[in-house]
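The values are calculated or read from the model by the stated rules, or taken from the named source; none is laboratory data. Here the structure is a predicted model, which means the values were calculated and not measured. Cβ coordinates were reconstructed from backbone atoms using ideal geometry, including for glycine residues, and neighbour counts include every protein chain displayed. What goes into the accessible areas is simple: the full protein's heavy atoms, side chains included, and nothing from ligands, DNA or RNA. Shrake-Rupley method; radii C 1.70, N 1.55, O 1.52, S 1.80 Å.
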Amino acid sequence: MGSPSSASRRQNNLLFLVFIMILFFYSIPDKINLCSNQSSVSPSVIPYKSSSNISSLETLKLDGYFSFDNIDYAAKDFGNMYHFLPSAVLHPKSVSDISNTIKHIFKMGSTSQLTVAARGHSHSLQGQAQAHQGIVINMESLQGPEMQVHTGELPYVDASGSELWINILHETLKYGLAPKSWTDYLHLTVGGTLSNAGISGQAFKHGPQINNIYQLEVVTGKGEAVTCSENKNADLFYGVLGGLGQFGIITRARISLEPAPKMVKWIRALYDEFSKFSSDQEHLISKNSFDYIEGLVIINRTGLLNNWRSSFKPKDPLQASQFISEGKTLYCLEIAKYFNPNESDAMNQETESLLSELSYIPSTLFLSEVSYVEFLDRVHLSEIKLRAKGLWDIPHPWLNLLIPKNKIFEFAQEVFGNILTDSSNGPILIYPVNKSKWDNRTSLITPEEDTFYLVAFLSSAMPSSTGRDGLFHILAQNQRILGFCSSTSLGAKQYLPHYSTQEEWQTHFGPKWEVFVLRKSTYDPMAILAPGQRIFRRK
């Protein structure tokens with residue numbers, strides 16, 4: 001149940017919301033042009049939600065409750081660049097809490113302008129999980145059936161949309177099983193990654209996470225709780241996967257599993273020529289030889305190999321100690337082979353054979369053996385270190401692009417040769433994937449070519465800096481990269497897309513735009529859901 005509010009508190013909230021509205025007006029980009037299912041809407045401030053709309057939420061009978069005060073945290077995310085304050089936060093204990101809330105807002109019709117955003121672990125980058133003066137659903141409060149692991153010929157786990165992937169890993173490992181596809185960072189919710197795609201170094205082999213789902217439970221923009229799969233409500237199923245939260249909130253997912261290894265052979269090696277680097281990456285994904293293939297771009301980094309020694313051992317220590325990385329643009333191949341202890345000898349022989357086919361700089365080959373869990377959860381160790389230094393909750397102006405294979409060399413020449421001068425603001429990931437492993441029935445948009453690259457600029461900005469590590473400089477750099485992609489017609493697509501105009505969204509979706517709009521009108525006709533994506537205007 002919602003807690004009662006006093007008149008004085010309402011007056012204070014009104015003043016505060018007016019103040020926020022003023023700030024919001026000045027924060028809107030000059031060319032924002034959100035669209036409805038029928039026509040574009042000119043820029044304007046989202047209308048103020050009447051107090052009657054908010055107070056009506058308190059009449060709902062819920063297992064959980066609403067918060068109206070001390071909800072500033074719901075206007076923040078990992079990107080730490082957009083801060084839109086909601087009017088209330090729902091802390092659901094059941095799926096019916098989510099369903100009843102959305103159904104209540106839907107039944108208000110055009111008398112309400114309330115919108116709803118699902119907020120998981122809040123790892124969105126540009127306010128995608130925020131709802132300005134709307135309702136944010138704190139998905140981490142959601143309770144329900146515990147994870148259920150099913151063994152057999154086609155094993156799977158049923159898990160809440162609010163569950164973290166790291167918890168799914170630990171639970172499924174009890175049965176000797178694990179999901180096939182991951183993200184590099186596991187402390188994210190199931191619903192959050194499935195609403196985008198969920199991409200990591202296993203994607204060349206298994207596709208993204210959205211390709212490894214058997215069934216979903218979804219609450220639509222009408223408040224209907226629907227079970228969907230390839231054979232049941234298939235249009236909703238494929239629409240929600242990679243659908244940016246536009247058609248429904250994922251409350252439960254059935255995730256495909258495979259036998260889990262115990263150990264990982266983890267390898268890094270450097271290249272000083274992009275053509276050799278990309279050729280070897282493409283060769284490896286075509287052979288389907290390793291279990292994980294990624295890459296890094298490293299520009300003008302001092303003492304690079306010495307930094308690796310805490311986790312990796314050089315194949316040739318003497319030559320590695322003499323290698324100079326500063327002043328160079330280098331490309332790091334990062335690969336992994338899964339194995340069990342009794343397979344160690346055979347794995348090492350196969351790995352040696354595969355490495356002999358590659359053209360890396362011999363003195364830069366570094367190897368390590370770690371547990372499967374340690375490998376998959378590797379980014380969490382970096383998080384702990386950054387939090388200790390106060391460097392986790394800073395702006396993250398990330399840019400993620402999907403680049404067609406036939407344009408990747410042109411892209412690398414310009415971006416890594418001219419636009420970027422260093423890589424000290426954060427890692428730059430680059431690796432190819434096979435489109436044949438990606439289901440084109442989902443809402444995810446990829447380049448047309450059969451092989452394309454993920455290029456991720458994972459920058460961190462120092463809040464007080466006006467230099468190269470400052471937010472303004474990094475955002476300008478991102479715009480230069482996007483401008484180059486546009487002016488040269490590379491056919492690039494954004495992953496975790498963020499656009500300001502209707503025309504840009506239409507261009508992004510291309511031939512799939514009409515299907516996307518039709519699904520929106522079918523499953524969220526009032527445009528209540530996921531306003532932070534800024535694709536559709538609330539009706």
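May I ask you to verify whether A456 is modelled with pLDDT of 95 or more, crowded, with 16+ Cβ neighbours inside 10 Å and closer than 30 Å to M108 by Cα?
Values: modelled with pLDDT of 95 or more: yes; crowded, with 16+ Cβ neighbours inside 10 Å: yes; closer than 30 Å to M108 by Cα: no.
Here the answer is no, as A456 does not meet what is asked.
Limited to region 389-432, what total is found for residues that are more than 29 Å from S464 (Cβ to Cβ) and of a type in the set (D, E)? Give the derivation first.
The first filter runs over region 389-432 and keeps only residues more than 29 Å from S464 (Cβ to Cβ), leaving 402-414, 417, 430-432.
Going one step further and asking which of them are of a type in the set (D, E), we end up with 410, 414.
Looking only at that region, the number is 2.
Would you be able to say whether some residue in region 290-297 is open to solvent by 20 Å² or more (accessible area, probe 1.4 Å), more than 16 Å from L429 (Cβ to Cβ) and at pLDDT below 95?
Quick first cut of region 290-297, residues open to solvent by 20 Å² or more (accessible area, probe 1.4 Å) only: 291, 296.
Filter again for more than 16 Å from L429 (Cβ to Cβ), leaving 291.
Within this subset, residues satisfying the condition of being at pLDDT below 95 are none.
No, every residue in region 290-297 fails to be open to solvent by 20 Å² or more (accessible area, probe 1.4 Å), more than 16 Å from L429 (Cβ to Cβ) and at pLDDT below 95.
Any residue that is farther than 19 Å from F516 by Cβ, assigned to a strand (DSSP E or B) and not acidic (D, E) - is there at least one of those in region 228-239? Walk me through it before giving the result.
First pass over region 228-239, keeping only residues farther than 19 Å from F516 by Cβ: 229-232.
Narrowing the set further to residues that are assigned to a strand (DSSP E or B) leaves 229.
Filter once more, so that each one left must be not acidic (D, E): 229.
Yes, that holds for at least one residue.
I'm trying to understand the selection: among the residues of region 390-424, which are outside any helix (DSSP H, G or I), of a type in the set (D, E, K, R) and under 24 Å from the mean Cα position of the chain (by Cα)?
Going through region 390-424, the residues outside any helix (DSSP H, G or I) turn out to be 390-404, 420-424.
Pick out the ones that are also of a type in the set (D, E, K, R) and you get 393, 422.
Once the filter is applied, which keeps residues that are outside any helix (DSSP H, G or I), of a type in the set (D, E, K, R) and under 24 Å from the mean Cα position of the chain (by Cα), region 390-424 yields only D393.
Residue by residue through region 461-516, note down the ones that are outside any helix (DSSP H, G or I), over 20 Å from I199 (Cβ atoms) and open to solvent by 30 Å² or more (accessible area, probe 1.4 Å). Before you say what the answer is, go through the steps one by one.
Within region 461-516, the subset outside any helix (DSSP H, G or I) is 461-470, 488-501.
With over 20 Å from I199 (Cβ atoms) added as a condition, the list becomes 461-470, 488-489, 500-501.
Passing the criteria: M462, P463, S464, S465, T466, G467, R468, D469, T488, S489, S500.
All but one of (1) touching a residue at least 60 places away in the same chain (Cβ under 8 Å); (2) buried (at least 16 other Cβ atoms within 10 Å of the Cβ); (3) in contact with a helix residue (DSSP H, G or I) (Cβ under 6 Å, 6 or more places away or on another chain) hold for T364; which doesn't?
(3)
Report the residue count in region 183-232 for those that are free of Cβ contacts under 8 Å to residues at least 24 places away in the same chain and under 16 Å from the mean Cα position of the chain (by Cα).
Total meeting the criteria: 1.
Considering only region 522-534, state which residues are out of contact with any Lys or Arg (no Cβ under 8 Å at 6 or more places or on another chain) and either buried (at least 17 other Cβ atoms within 10 Å of the Cβ) or under 14 Å from Q126 (Cβ atoms) (or both). Even if it seems obvious, please write down each step before you answer.
To start, the set of residues in region 522-534 that are out of contact with any Lys or Arg (no Cβ under 8 Å at 6 or more places or on another chain) comprises 522, 529-530, 532-534.
Within region 522-534, L529, A530, G532, Q533, R534 qualify.
Please count how many residues of region 249-273 are buried (at least 23 other Cβ atoms within 10 Å of the Cβ), of a type in the set (G, A, S) and farther than 12 Å from S195 by Cα.
Counting residues in region 249-273 that are buried (at least 23 other Cβ atoms within 10 Å of the Cβ), of a type in the set (G, A, S) and farther than 12 Å from S195 by Cα gives 1.
Of everything in region 345-354, what is under 25 Å from S275 (Cα atoms) and exposed (fewer than 13 other Cβ atoms within 10 Å of the Cβ)? Give them in sequence order.
Correct list: E352, S353.
Among the residues of region 87-107, which ones are closer than 15 Å to S55 by Cβ and open to solvent by 30 Å² or more (accessible area, probe 1.4 Å)? Steps first, please.
First, pick out the residues of region 87-107 that are closer than 15 Å to S55 by Cβ: 87-88, 90, 101, 104-105.
Scanning region 87-107 gives a single hit, H104.
Checking T111 against (1) of a type in the set (S, T, Y); (2) at pLDDT below 95; (3) more than 18 Å from the chain's Cα centre (by Cα); (4) open to solvent by less than 30 Å² (accessible area, probe 1.4 Å), which test does it fail?
(4)
Matching residues to (1) surrounded by fewer than 19 Cβ atoms within 10 Å (Cβ to Cβ); (2) among the β-branched types (V, I, T):
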site: E343; (1), (2): yes, no
site: S356; (1), (2): yes, no
site: Y360; (1), (2): no, no
site: S368; (1), (2): yes, no
site: V379; (1), (2): yes, yes
site: L391; (1), (2): yes, no
site: I394; (1), (2): yes, yes
site: E410; (1), (2): yes, no
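Is it the case, given these coordinates, that S325 is open to solvent by 30 Å² or more (accessible area, probe 1.4 Å), out of contact with any Phe, Trp or Tyr (no Cβ under 6 Å at 6 or more places or on another chain) and among the hydroxyl-bearing types (S, T, Y)? Full working, then the answer.
Values: open to solvent by 30 Å² or more (accessible area, probe 1.4 Å): no; out of contact with any Phe, Trp or Tyr (no Cβ under 6 Å at 6 or more places or on another chain): yes; among the hydroxyl-bearing types (S, T, Y): yes.
No: the conditions fail for S325.
In region 223-248, what count of residues is obtained for those that are aliphatic (A, V, I, L, M), within 25 Å of Y495 (Cβ to Cβ) and either open to solvent by 10 Å² or more (accessible area, probe 1.4 Å) or in contact with a Pro (Cβ under 7 Å, 6 or more places away or on another chain) (or both)? So that I can check it myself, show each step before the final result.
Of region 223-248, the ones aliphatic (A, V, I, L, M) are 225-226, 234, 236, 240-241, 244.
Still in the running and within 25 Å of Y495 (Cβ to Cβ): 234, 236, 240-241, 244.
Applying the additional criterion that residues be either open to solvent by 10 Å² or more (accessible area, probe 1.4 Å) or in contact with a Pro (Cβ under 7 Å, 6 or more places away or on another chain) (or both) yields 234, 244.
Count: 2.
Any idea how many residues of region 321-341 are within 15 Å of D272 (Cα to Cα) and either among the basic types (K, R) or in contact (Cβ under 8 Å) with a residue 12 or more places away in the chain (or both)? Don't jump to the end; show me each part of the working.
Looking only at region 321-341, we keep the residues that are within 15 Å of D272 (Cα to Cα), and these are 323-334.
So of that shortlist, the ones also either among the basic types (K, R) or in contact (Cβ under 8 Å) with a residue 12 or more places away in the chain (or both) come out as 323, 325-334.
Final tally of qualifying residues: 11.
Yes or no: region 125-148 includes at least one residue that is within 25 Å of I213 (Cβ to Cβ), surrounded by fewer than 21 Cβ atoms within 10 Å (Cβ to Cβ), among the small types (G, A, S) and touching a residue at least 40 places away in the same chain (Cβ under 8 Å).
Yes, that holds for at least one residue.
Being under 25 Å from F290 (Cβ atoms) and out of contact with any Asp or Glu (no Cβ under 9 Å at 6 or more places or on another chain) is the requirement here; does E410 meet it?
Details: under 25 Å from F290 (Cβ atoms): no; out of contact with any Asp or Glu (no Cβ under 9 Å at 6 or more places or on another chain): yes.
Judged against the criteria, E410 is not a match.
Inside region 279-308, can you point out the residues that are assigned to a loop (DSSP other than H, G, I, E, B) and in contact (Cβ under 8 Å) with a residue 24 or more places away in the chain? Steps first, answer last, please.
Pass one, region 279-308, residues assigned to a loop (DSSP other than H, G, I, E, B): 288-291, 300-303.
Matches in region 279-308: N288, S289, F290, D291, N300, R301, T302.
For region 278-285, indicate whether the set of residues that are small (G, A, S) and more than 26 Å from H206 (Cα to Cα) is non-empty.
First pass over region 278-285, keeping only residues small (G, A, S): 278-279.
Now restrict to residues that are more than 26 Å from H206 (Cα to Cα): none.
So far as region 278-285 goes, no, none of its residues is small (G, A, S) and more than 26 Å from H206 (Cα to Cα).
Can you confirm whether K276 is surrounded by fewer than 22 Cβ atoms within 10 Å (Cβ to Cβ), assigned to a loop (DSSP other than H, G, I, E, B), modelled with pLDDT of 95 or more and not polar (S, T, N, Q)?
On the way: surrounded by fewer than 22 Cβ atoms within 10 Å (Cβ to Cβ): yes; assigned to a loop (DSSP other than H, G, I, E, B): no; modelled with pLDDT of 95 or more: yes; not polar (S, T, N, Q): yes.
Judged against the criteria, K276 is not a match.
Taking region 298-313 on its own, how many of its residues are open to solvent by less than 50 Å² (accessible area, probe 1.4 Å) and in contact with a Ser or Thr (Cβ under 8 Å, 6 or more places away or on another chain)?
Let us first name the residues in region 298-313 that are open to solvent by less than 50 Å² (accessible area, probe 1.4 Å), namely 298-299, 303-305, 308, 312.
Of the ones still in play, those that are also in contact with a Ser or Thr (Cβ under 8 Å, 6 or more places away or on another chain) are 298-299, 303-305, 312.
Residues meeting the conditions: 6.
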